Every structure is written in structure tokens, then in C-alpha cells.
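The values are calculated or read from the model by the stated rules, or taken from the named source; none is laboratory data. Given the structure is predicted, the values throughout are model-derived calculations rather than measurements. With ideal geometry, Cβ positions are generated from the backbone for all residues, glycine too; neighbour counts draw on all protein chains shown. The area values use the complete protein model at the heavy-atom level, side chains included, leaving out ligands, DNA and RNA. Shrake-Rupley method; radii C 1.70, N 1.55, O 1.52, S 1.80 Å.
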Amino acid sequence: MSEKTITFTIDGVEVKGAPGQTILDAADAAGIYIPRLCHFKGLNPHGSCRVCTVIVNGRPQAACTQPIAEGTTVENDTEDIKKHRSNIVDMMFVEGNHFCMFCEKSGNCELQALAYRLGICAPKYPFQFPDCTLDASHPDIFIDRNRCILCGRCVQASKDLDGKCVFEFVGRGAEKKIAVNAEAKLSDTNVDVTDRAVNICPVGAILKKREGFKIPIGERMYDAQPIGSDIESDTKSIK
Amino acid sequence: MSVEFKQTIKEICEACGNDRSLMMDVVIATQKRFGCVSNEAMDLIAENMNAHRVEVEGVVSFYSFLSPDPKGQVVIRLCNDVVDQMQGVQAVAEAFKKELGIDFGQTTPDGKITLEWTPCIGMCDQAPAALINDMVFTYLSTDKVREITDELKKHGDPEQIPIRYGDGNNAHDLVKSMVNNGLRKKGAVIFGQHEAEKGVKNALSMSAVEVIREVKNARLRGRGGAGFPTGMKWEFTRAADGDKKYILCNADEGEPGTFKDRVILTERADLLFEGMTIGGYAVGSDEGILYLRAEYAYLRAFLENVLKERRDRGLLGKNACGKDGFDFDIRIQMGAGAYICGEETALISSCEGLRGDPKNRPPFPAQKGYKECPTSVNNVETFCAVARILDKGAAWFSEVGSQGSPSTKLLSVSGDCTNPGVYEFPFGMRVDDLLKKVGAQDVQAVLIGGPSGQLIGSADFERTICYDDLATGGSVIVFNSKRNILEIVGQYMDFFVEESCGYCTPCRVGNVLLRNGIEKIIHGQGEKADLDYLQELGETVKLASRCGLGQTSPNPVLTSLKNFRAVYEAVLIEPTDGQQPSFDIKAALSVSEDLTGRKSEIYKD
Ligand SMILES: Cc1cc2nc3c(=O)[nH]c(=O)nc-3n(C[C@H](O)[C@H](O)[C@H](O)COP(=O)(O)O)c2cc1C
Ligand code: SF4
Ligand code: FES
């Protein structure tokens, strides 16, 4: 590995990074928040949600998969990109059945928090109201597919971190679903409540039983600060 | 679970060396043998192949020719492409339903015959067409449906249905198909007279670097649609680190209205394999794979035999073509019904025995492709062009065509014209000249490049077909003035909804929303704001999608909004009561009315 640093700009601000680093990682290190959902530190970038889309030298790229390059200009926080990002987040809401007001993940949910940060109060796209299944067969864990955004974190974590294969996608297109490694039920798999895969879902699709609403309102992850605040060095810049 | 069943699955897996990367072959063979890949089969395959059951399920549920539920020994797949719709497939569909007594998606009560829809099978010039198991039936009519179903009811074997064989190799003993080549214009390059194996012989007398230089000098650009310079792609693949490299041929030909590779595979298979051999030599590969779409399975035995003959003649295998140290062979990988697998990284996933999801880039296939090795994926026609370049030289190749797009291109023309078929023309031909040549009159619109291309109207007919103006992988579809543009757009959006892999959000969800938005307008519930809505939605899908499918799938909507805006405006309505036109108050109230058993006092009939 060469020790060379790479210099580029994000919205006009000069950022430095190491060769091979992704735009998202370099931005994080520089205290610049690029919205993301599927990405999770420690897993291979999945590149599926597309919320992290930025414009690199005029071309759209996913910041979580695109390596930095010398002298490039990256646009992140422009009106145009924010519009497309909101549209994508909107799509996730109408694609599933997300009832934040009585979801136990509320306040700790990355999708909800991102919607708030982007200023989405209600989606503009028509709700699809899909028929989804719920699997509560396991004594400690349940899956509610109504809320799954197909980010792939559980699939990857089970394989790459837990050394198992509890979760995998089945179906194609709009029929794509998260499935478990058994003919039907989660309880027939070798999943364990301590698996990383069980503790990584950005939304309320994989949850542990008997833990709902444990954290009082006001103390939840995103009650006081919008999502991304931890990354931003200058929190005043958040509008 | 019977012992015999277990044993058969075991044998199927063993025939593939229990090699996980050959999962496609295993599930395809299982489907063929048992009419489904059942839950039990998935368990057994996982066990034998050292995979997880849900991974097998992930693969089976991805491809539309595979299914966990039993299908009949005979599966009829009627093509519902837009061109087939134009040629009266609905009447044919009704006839099938009536004769078989079942609906689409169903199997006859005796479990013998399944009836399904399928997207473009590459027979638009002979529509309406259907696949019955691996066999193709073209120019269907209600009478023919009756004959076919009568036969099937008698003996249940599609191969016993009497057919008249098509021209050329379609009548070959190993093809025996009623497909016609429909080759209307032979150009000098792909379908010109040529001396067999001269290209590869010349290539092997040069260094690999010289071969690549010749391809670069010819300024050959990929014929699959994207138009990437082939010489450059090979140079990257050659330069990439790795001892093992691969050369892949993309014969997925799934873009609606494209059927030119079908004719190459039928009539120029040797030229194609010659080109692949040159490619293998150029990039430093000893293994080529031809990825053949399931719809072209009727050509498989024929192509396998061409490969065998080449092996027998020493053109493939150890010291291929007599070149010491050049060991090169080619295998065929069958697809199983997925348009997305034509996308080069999805094609690689499928060859690896995975779900046909595209991969993240970088790394590009030239760096890390099939099995993480440097790989070049090229179109069927591209390989043929390479063979001709090495035969006659770069200068000869680029004699015709335009500056940015040298040489000829195969166009597959279908729709409203008297002479649908395959034409080899120099690049740079004007659309109106082409329309004259194919016998198209009263033309309202032309779709250049299939639904992922552009829908243009007469204002653009002076434009030319080439990479720098109107690019196409081959598909040209003509619509006369009687056709309903909005319905065509809606049908193509149905296609993309069906064929999106679902990996990324904008393509998975956005195409559904686009389709629904078009339907709303077709149903006379659209207002002006809906056009802006579709425009912005389409732009988001284009901008943010992960691969070429979503980056182009909004094109039917976006290019028709641009070029046929009046068609939209003519059916919009202006709400007068302050309510959205799509809102039907009576329908909205009906559920509560049913529940309460009372009718609304205000909104009465
Ligand atoms: C959704 C989608 C489908 C595609 N289908 C095909 C196809 O059927 N055949 C093909 O050659 N290229 C297809 N392509 C283009 C390939 O990704 C790739 O660019 C091509 O095979 C490269 O070969 P070439 O450079 O010789 O054109 C498709 C691309 C996309 C995005
Ligand atoms: S269940 Fe959760 S972690 Fe798994 S794909 Fe769905 S949203 Fe992602
Ligand atoms: S965070 Fe980059 S695509 Fe999801």
C-alpha cells in the first residue's frame, strides 16, 4: 500500500483520504455526513439502498462503493441530490408497511431518522400496502417483513461475521424478500439472539422479543440529535 | 422422500462435480427432470453441494424458468412482448385458455400442461410466438393453437407436433426448428463471404498485444448496446493481475425486439467461436464461456456439436489451432429466464451459480470478474466482428460506417413493417432510409435500442443510427399511427417491473411507481401534475439506480413524455370539484358501507 494521500472536494470543501478508501469513509473521517442506509461499518459495502448517491465529476455514484480519486469534485448536499434522496427514502416507506407511531424501533430507526433529517413528514408516493409475513416462531427473535428495506445487512452479517447463513434473499424485483435458512420458520435455523445479524437491522424488521419500548422517549438514539450528528464535526451546519 | 428421488438428485449434483459454481446447471437439470425444484430437492441439493438451503432457494426463486411448485411436463410460454401484442397474441392467448381449460399461470388438472406468459423470446419478426418446453412455435394463430393443443392432448410430447422447418441451419438435424432466420440484408462483415478460420490463424501468428492493437485500430465498439471499445476492454483484462482469465460471450439477447444474435448463433457459430478464440488469445485466457439464454435452448445441442467439431479439428483444446501452449476451450452456460443476466456483471453472477444480481463496480470485470479473475464479457456480434478484423484488417473493417462508429451493425427490425427481420447495414444510416428499406408506412414512432433506448417521432427520423446519435444494440421497433403510445409505454414498464432484479431501491420500487403512474393516465385519471410527477420519478430512477437496467428503464416514459407529450395531454383531465381525478369517493366509501350495512346519504348513485 502506498502512503500517498488523495485530495478531492466535497461540495467545495477539500477532503483528504487514503488510496482505496471510499468516498463515504473519507467523508466520515472529515466530519462530512453523506446520508446512507444499507451501509454498515465492518461489512462489505452493499450498494443497494442508493441513498448515498453523490455526483462525482458530473456522474452519479454510490459514495459507499466508489473509491476516492485525486482531484475529483463530489457533490453531496445540493438541492438536486437531496430531492432524489428524499424520493428514494419515500420509495422505501411506500414499498413496505411502516407504521412508525406504534413500531418499537421508533426513535432508534435509521429509516425514520433519515426521513426526519430529510424533512419528510409523509411520503408523496402512493402506498403499495403489500401483504407481508411475520415470523415469531423463535423464542427470542422475530422478523416482521412489513418493515424490511432489503438492505442486506443481516444476510452479510450472518455470513461474514457470524459464520452462518441464517438469512438470504429470495424472489426477484418487487417480489424480493428476506428469507431464513429453513423451509419456513426462523426457529428451525441455527440463529442465536446474540448473533450480529440479529442486532444489525436498521429498521424494525428483525427485533428481539421482550425489549420493545425499553428505552423511554427522550433517551432514544435519535430523540435529541438527527441521524449523522455523530459524524459531523460542526453540528450547527445541520438545518 | 423416495430413495430414488434422493439418488437422482445426488447424481445430478455429482454430474456437476458437486461444484457450487455450477448451481445453475444443477437446478436447471432438476427442474427439467421433476418439473420443479421442490423444497425436498432444495434441501438435498444444498446437502450435496455443500451449500445452504436458503441459498439454493435464492437461486431458484430468481429465475423465471425455475419454480419450487410443480409444473406440467409440457410448459407453454407465450410471448407477451409489445410486438406480439400488436400481432394479435391476445386472441392466441384466449385460444390456449379455451383449448386447455386453464388460465395463465395454471396447470391442467391432470398436471400435464402449464400455461404461462413470458417476455420477449427473440422472435419478434415471427410473432406471435411461444416456447413449448425448448421448442419455438412461430406465427401462431387460433387455428394453430387448436392443432398444437390437440396434438399435446394426444401424446403430450411437443417434439411430435408436426412442424415445417425453417431455413438454413434451422433445419439442421440438431436444431429442427420452425424458426426462420429472417436475414433480409447481408453486409460485408458479419454475413459476408469469408474464409473460415483465417482470422484466428492470422491472430495466432501475431503477438497478443498486436492482436489487441489491430482491434483498437479498427475502432471496434461493443455491439451489445453500451458501445465500449473492445480493444480497450481486452487491454485492461490482459493487463490485470491474475494467472487465470476468462472470456465470456453474452448470448443473453433479452432486450425486447433484439434477435440478431439468434441468427448469428444459427448461421455463424463457427465465426463466433473463432472470435472467442481470438479473444482468449488476446487477453491470455484458457477458458471461454458462452452464456446462452434459456429461450435459445433449442440451439444448444447444435452449438455443443459445433464446439465438439472444433475440438475434433484441433481448433479448441490443447494447443488450440496448432498454437503451442495456447490451451483454450469453451463451455456453454445456460440461463434460466432473466433479462438482467444480460448485464455483464449479472451474467457473471449467474455463471458463478448465484442469483443474477449485478455486482458493485469497481472492481470492473476486467480486474475481477468471473470467480474473481480478470474477465472480458463481449457480445456475440462483437466476437464475429473481431474475427473479420483479424481476417481482413482494421482498414478494411472501418471502410464503411461513420467516423465514431465504423463498420456495419446488425439491426433486428420488427413491428409495423412489411419486411421484419435482420439487416446488416453500415452505421450512420438515417432512420427514414431504414424505414423505407423495411417497408414501413404511416409511421408514428420508432423505438431505437428497445425499451431501454429511445422512442422517437417523425421529427427525429432524419437522425442516424450510430453510437453518437441513436445507439442500439440492434433493436428497432416500428409503430404505425394506429398504435396507442401510452399503452406501449405501459407494457414496456410492465416488462421492467417484471425483470428488475430488485437489488437496489430506485429500480425495484421506482419502476412499479412509474408503471402505476402510466396506468393512472391510461385510465383517464391523469392530471397535469402527473406528468411532472412521472418526469421527476423517472429522473430519480435513472440517476440513482445501480446498474444499466434501472439507469435506462424509465426511458419509455421519459422519451415519450419528450417526444409524444401531446398524446399524454390529450387524455389528461382537469379536476373541477377540487378532488384528485383518481379519487373515487364512492369506491372509497364502499368498504365502510359494506361493514355498516348502510349506504352513504350524500354520495348516492
Ligand atoms: C439490463 C441489461 C441487459 C443487457 N443485455 C445484454 C444482452 O442481452 N446482450 C449483450 O450483448 N449485452 C447486453 N447488455 C450489455 C452488457 O452489460 C455488456 O455491456 C455487453 O455484453 C458487453 O459486450 P460488448 O462490449 O461486446 O457490447 C445488457 C445490459 C443491461 C444493463
Ligand atoms: S431484515 Fe433488516 S437487516 Fe435484514 S435486509 Fe431487511 S432491513 Fe436489512
Ligand atoms: S449506503 Fe450506499 S447504497 Fe446504501
For segment B:427-443, 3J(HN,Hα) per residue [Karplus equation, 6.51 cos²θ - 1.76 cosθ + 1.60, θ = phi - 60°, Hz, x = Gly/Pro]: 4, x, 6, 6, 4, 5, 5, 4, 4, 5, 4, 8, x, 9, 10, 6, 7
About the Cα centre, and with charges only on the beta carbon of Lys, Arg (+1) and Asp, Glu (-1), how big is the dipole of chain B? Nearest 20 debye, please. 1160 debye
Would you work out if segment A:6-85 is rounded, prolate or oblate? Take a ≥ b ≥ c from the square roots of the eigenvalues of the alpha-carbon gyration tensor; rounded if a/c is under 1.5, else prolate when a/b is larger than b/c, oblate otherwise. oblate
Which order do B:Phe65, B:Phe259 take when ranked by solvent-accessible area (1.4 Å probe, heavy atoms of all protein chains), largest first? B:Phe65, B:Phe259
In chain A, which longest range has no GluC sites (Glu not before Pro) that are both DSSP loop (not H, G, I, E or B) and surrounded by at most 15 other Cβ atoms within 10 Å? A:71-182
Per residue of segment A:166-173, what does 6.51 cos²θ - 1.76 cosθ + 1.60 with θ = phi - 60° give for ³J(HN,Hα)? Whole Hz please, x for Gly and Pro, Karplus curve as stated. 6, 10, 7, 7, 10, x, 9, x
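At a threshold of 8 angstrom on Cα-Cα distance, excluding pairs fewer than six apart, so keeping six or more, what relative contact order does chain B reach in percent?
13 percent
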Roughly how far apart, in whole Å, are the Cα centres of segment B:416-454 and segment B:56-81? 33 Å
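Where the only charges are on Cβ atoms (+1 Lys, Arg; -1 Asp, Glu), what is the dipole of segment A:96-208 about its Cα centre, to the nearest 20 debye? If you can, show how the numbers build up before the last one.
Working: 14 positive and 14 negative charges, 96 e Å.
Around 460 debye, computed over segment A:96-208.
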Taking the dipole of segment B:184-228 about the Cα centre (Lys, Arg +1; Asp, Glu -1; charges at Cβ), the one of B:Gly225, B:Val215, B:Ala196 that reaches farthest to the positive side is B:Gly225
If one computes the Cα centroid of segment B:280-335 and of segment B:585-604, what distance in Å separates the two points? 68 Å
Exposure rank, largest accessible area first [B:Trp396, B:Trp234; 1.4 Å]: B:Trp396, B:Trp234
With axes computed from alpha carbons, what is the tilt in degrees of helix A:79-95 against the longest principal axis of chain A, rounded to the nearest 10 within 0 to 90? 10 degrees
What do you reckon, how do B:Arg213, A:Arg59, B:Arg77, B:Arg311 stack up by accessible area (1.4 Å probe), largest on top? A:Arg59, B:Arg213, B:Arg311, B:Arg77
Heavy atoms of the protein only, probe of 1.4 Å, neighbouring chains included. What is the accessible area of B:Leu265 in Å², nearest 10? 0 Å²
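Rounded, prolate or oblate: pick one for chain A, where a ≥ b ≥ c are the square roots of the eigenvalues of its C-alpha gyration tensor, a/c under 1.5 means rounded, and failing that, prolate if a/b is larger than b/c, else oblate.
Since a/c reaches 1.5 and a/b is larger than b/c, the shape of chain A is classed as prolate.
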Phi to ³J(HN,Hα) by Karplus 6.51 cos²θ - 1.76 cosθ + 1.60 over segment B:262-277, Hz, x for Gly, Pro: 3, 6, 4, 4, 7, 10, 10, 4, 5, 5, 4, 5, 4, x, 5, 5
For the protein assembly as shown, take every pair of Cα atoms, bin their distances at 10 Å starting from 0, and report each bin as a whole percent. 2, 12, 21, 25, 22, 13, 4, 1, 0, 0
Could you point to the residue in B:Gly288, B:Leu265, B:Ile278 farthest towards the positive end of segment B:259-304's charge dipole, with +1 and -1 charges on the Cβ of Lys/Arg and Asp/Glu respectively? B:Leu265
Degrees, to the nearest 10: B:39-49 long Cα axis against longest axis of chain B: 20 degrees
If amide H atoms are built 1.01 Å from N in the plane of the peptide, which residues on other chains or at least 5 residues away come under 5 Å of the amide H of B:Gln333? B:Leu290, B:Tyr291, B:Leu292
For the pair A and B, total buried accessible area rounded to nearest 100 Å², probe 1.4 Å: 3400 Å²
Taking a ≥ b ≥ c as the square roots of the Cα gyration tensor eigenvalues, with a/c under 1.5 meaning rounded and otherwise prolate when a/b beats b/c or oblate if not, segment B:46-129 comes out oblate
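So, with +1 on the Cβ of K and R and -1 on the Cβ of D and E, and no other charges, what is the size of the charge dipole of segment B:74-163 about its Cα centre, to the nearest 20 debye?
Values: 8 positive and 15 negative charges, 37 e Å.
Rounded to the nearest 20 debye, it is 180 debye.
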Per-residue SASA entry for B:Tyr492, accessible area with 1.4 Å probe, Å² rounded to 10: 10 Å²
For segment A:6-85, dividing by residue count, accessible area per residue (probe 1.4 Å) in Å² works out to 38 Å²
Kindly report, to the nearest 10 Å², the accessible surface of A:Tyr33 as traced by a 1.4 Å probe over protein heavy atoms only. 20 Å²
Considering only A:Gln112, A:Ala122, A:Ala184, whose Cα is most displaced toward the positive end of the charge dipole of segment A:96-208, charges sitting on Cβ of Lys, Arg (+1) and Asp, Glu (-1)? A:Ala122
Show me, bin by bin at 10 Å from 0, the whole-percent P(r) of chain B based on Cα pairs. 3, 16, 25, 27, 18, 7, 2, 1, 0, 0
From DSSP H assignment alone, runs of 4+ in chain B each adding -39500 (n - 2.57), the sum over residues rounded to the nearest 500 puts [θ] at 222 nm at -12500 deg cm²/dmol
